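This report refers to the structure that appears directly beneath it.
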Amino acid sequence: MPGPPRKPASVETLLQRLSKEPQKRARRALLQKARPLWGPELVTRLYDEVVRLARIDLGEAQRLAEAASDVAGHGEDEAARALAKRAIGHIHFLKGNHPPALEHYRDALEIYERLGREVELGRTLSGALQTLIYLGRYDEAYAWAQRASEIFERHGDQLRLARLTNNMANIMYRQDRFEEALELYRRALATFVTVDDPQDVAITLKNMATCQISLNDFRQALATYHEARAYCVKHDMPLLVAEADYNIAYLYYLRGEYTHAIDLYRVTREHCHELGDMYHQGLCDLDQSEMFLELNLSEEGGHLAQRALETFQQLGMGYEAAKAISNLAIATSHHGDAEGALELFRKARELFAKEHNLAWTAIIDLYQALVFFQDGRMAQAQVLCEAAYQFFSQSPLIGKAALCQLLLARIHLNSGRTMEARAVCLEAVARTEQAETPALAYQAHFVLGLIEEAAGRPEAAFDAYREAHRRLEGMRSHLTAEEMKVAFLKDKLAIYEALVRMCLGRGSSPADQEAAFVYIEQAKSRSLADLIAYRGSSLPNPRETHRVMIEQVSSLREELNWYSRAIQLLESGAATLRALHLEKLRRAARDCERRLVEAMASLRVEDKEYANVEEARSIDLETIRSALPEDAMLLQYYRVQDRFYACLLARNSLKIVPVGSAPELRRVLQLLRFQLSKFRLGKEYVRTFDHRLIDATHEHLRQFYDHLIAPIAADLSCRQLIIAPHEFLHYLPFHALPEGDGGGYFGDRFSISYTPSASVYYLCRTKNVTSSEGSLVLGIPDPAIPHIQEEVDAVSSELPNSEVFLGRDATLEVLREKGAHSRFVHIATHGWFRQDNPMFSSITLGNSDLSLFDLYQLSLPSELVTLSGCGTGLNVVVGGDELLGLKRGLLYAGAQGVLLTLWDVHDQSTAEFMKLFYQRFKLHPNKADAVQYAMAEIRKTYPHPFYWAPFVLVGKYE
């Protein structure tokens, strides 16, 4: 359809207007007005622009491809129609729509074959290879590649031969021939650099990084991705920049640096949305949903999984949609909706079956079995678990087969079939030894202990529990991503509870009591470590000592995270299981773990505190005893099944006593919190019901005294009491428990401080702090807390050499810079706490929220850090050790002691309390005594515990 001669400027104007016009009808109108320009030359120009824009703005490229199709469709030139078909094929491929992409490529090939246009035939064959690869049609891809190679050889087309080499490398990569693929990528890259082809250089760098990941060269992969990103920025290829950002975020995710990954995923998602890159936008949502599920953030994980599902359904990508549904099902199960989770798992399984992905269908069977097990439906759980086991037992996935057997053992045990449970569990023990999976090995011995205990064989149970404990203490990394989704694998504290129960059940000998105390300490240290499990390698050493050794440990942790994630992805990502590559990864992971053990042993000698936090180790009993002052006693609580135990540790004695009922005390705590919440009803309500509020609160507090203190009151022969609560007892103001009928309180008889555990107390008491005499005071006023200014003025007047920063000036940067050199740090603000995952709680600063993870990144080697006003939020039902994240974060950052609050405080009484506390502490340098004094004085004006009792001192009290 030849047309009249056209002016280039007119064509360029047309292309620009077409690419920018979002309305299809308006674009067709533009084309109609430019009808004199129509012809094969215009289609060629449109195609060239599609190729240029494809990695810059996919939306604009798609508009021009559709315009090329419209023009070619109204003409008689078959070559133009073939070119338009190829353009549409490219767009479908880039959007992840592989079946329609292949259909358009085939149409183009048919036309070029008929016309005898050999070079264009070769270009189309080469361009379609990646689509064939994604569709798993490798034989066809090899045949097309061979034919294209012959064509380009005949025509001496070195550039296109290099592109073909790149695509051949892609085929080899998909077939696990990674070394060969990497060599081909390098050969292609050399040609692309020589001929200065930016787009091909960028794509090849990306492919090389992907290959390097599969070769376990993670550091080089990250460097290659960064090189690719810089190259794309330099050559103005925003789509490839976004893709590089996604890949970098994914690498951070692989090595467990979740905060970096989350930030980069957020930025990349926004960038992809602007560019119309739905595929990578969906991948960001899918990966982040997986990450949030591992962090126990079910609500966020489910939301992102739903968003990813909608994207992949729109793109027609079954495998990715099935993974999104699986994540949504896991989130639904975490919310207790068994039926909803099962229905979603069924849908995911149907999609995986259509993809012929046998590994994932078996994984879904296992997930469904777990849901049925947790819902008490053992028969259904058994059928699905046995189906999953049938697949995994004949595959290289030894760990998955062992996991199925452990679940089967639990099903048999819960169904009263003890002998069957024992037989299956012993098989699982043997399989975990073969697989060398520490997380499953400890769990297998723990389940064996449960079975032996149920069978009435206590000594055999004790032996199994101790072996489980040995395996768990030997684990140098936390549970892998796959295990984090399995509810009964997540509870690593159950083994410690079982061992404490067994020790206390064996008698009251000093050896049994000491063994029980050691297990309690290890349980508390393990719990603390798990709160920061996702930190990857980013915990700093606040004092910058032994830098080389610490960097080595951090590097090995990253590497081990990479291996764990790579093994998990390989096990679940494809229908064709890669046994040889799996075994290679497992060997590399075992070698990495061995090197990490050696590095930790060396570091432990040099830096005990850093090593204990990294390795979740507790301090031994005699060392803790040596740190206790003569007039002090440590009172540590621990729940075993439905009962709390009180451990009374002094320099020369240890006694463990059963005290209150956990369910009853939980009920009383809920009633206490309800009474405290009434202060939100306003001053008039509080004034009207003043005496009733005090009486009701005292009654609940007295019940705690009767259950937790009265049974051991005669044994408390000391002046200073260091209390280490457990679970929801962390929210109890022990110092406010009424004693007798004389109006006195437990905190009047003893000078009380708190600690998360005995080991943490020892570390606080023995750590060094800054030699500076300066003080840092930050205040963030809010209309709801008008007395912040008054508090800041009062505190700064009492603290030595105070620097004060208010409002927007009270920033994280100020805290980071000034806090590192301040003897005292006082922050007056409010906070928000997350019951589901305390690491994502935060406090407010002038320019941002300070998360608990951010606290772990700070260096605050201060004698005392005070967080005034950081209440937990009275609408949260207490459960677990969520406050521990805040305490541990500040203590690890270097603080010897931390003063904080248990609930939302009345800001005027807080201002008065803080002034009294610092005045007393200036005269008598015992922080616990100063807290005791300030509480007694505030109580004269504000008799209700709501006003004077929320303050707790954690860590070193002298």
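The values are calculated or read from the model by the stated rules, or taken from the named source; none is laboratory data. None of these values were measured; they are calculated from a predicted model. Here the Cβ is made from the backbone with ideal geometry for all residues, glycine too, and neighbour counts use every protein chain on show. The protein model used for the area step is the full one, side chains on, heavy atoms only, and it has no ligands, DNA or RNA in it. Shrake-Rupley method; radii C 1.70, N 1.55, O 1.52, S 1.80 Å.
Restricting region 49-85 to GluC sites (Glu not before Pro) that sit in a DSSP loop and have at most 12 other Cβ atoms within 10 Å of their own Cβ leaves GLU76. Please report the spacing between the Cα centers of region 22-70 and region 186-209 in Å, no decimals. Centre-to-centre distance over Cα atoms comes out at 28 Å. Pairs of Cα atoms nearer than 8 Å and 6+ residues apart set the relative contact order; for region 888-935 it is 27 percent.
In this structure, the pairs whose alpha-carbon distance is over 31 Å, taken from LYS85/LYS347; LYS20/LYS354; LYS95/LYS354; LYS95/LYS400; LYS95/LYS347; LYS85/LYS206, are LYS85/LYS347; LYS20/LYS354; LYS95/LYS400. When only the Cβ of Lys, Arg, Asp and Glu is charged (+1, +1, -1, -1), the dipole of region 1-116 relative to its Cα centre reaches about 480 debye. Summary of the geometry: region 137-183 and region 699-715, compared by the centres of their Cα atoms, lie 78 Å apart. Give the shape of region 187-231 as rounded, prolate or oblate, defined through the alpha-carbon gyration tensor: a ≥ b ≥ c are the square roots of its eigenvalues, a/c under 1.5 means rounded, and otherwise the shape is prolate if a/b is larger than b/c and oblate if not. Judged from the Cα gyration tensor, region 187-231 comes out prolate (a/c at least 1.5, a/b above b/c).
Carbon-plus-sulfur accessible fraction, region 129-186 (probe radius 1.4 Å, protein heavy atoms only): 43%. For region 372-439, averaging the sequence separation of C-alpha pairs within contact (under 8 Å, six or more residues apart) and dividing by the residue count gives a relative contact order of 29 percent.
Rolling a 1.4 Å probe over the heavy atoms of the protein chains gives region 293-428 an accessible area of 39 Å² per residue.
Whole-Hz Karplus values for region 212-217 come out as 5, 4, 5, 8, 6, 9 Hz, taken residue by residue from phi with 6.51 cos²θ - 1.76 cosθ + 1.60 and θ = phi - 60°; glycine and proline positions read x. A 1.4 Å probe run over the protein chains yields, for region 21-148, 43 Å² of accessible area per residue, whole-number rounding.
Sparse packing (at most 10 other Cβ atoms within 10 Å of the Cβ) combined with a DSSP loop state is found for none of the GluC sites (Glu not before Pro) in region 159-241.
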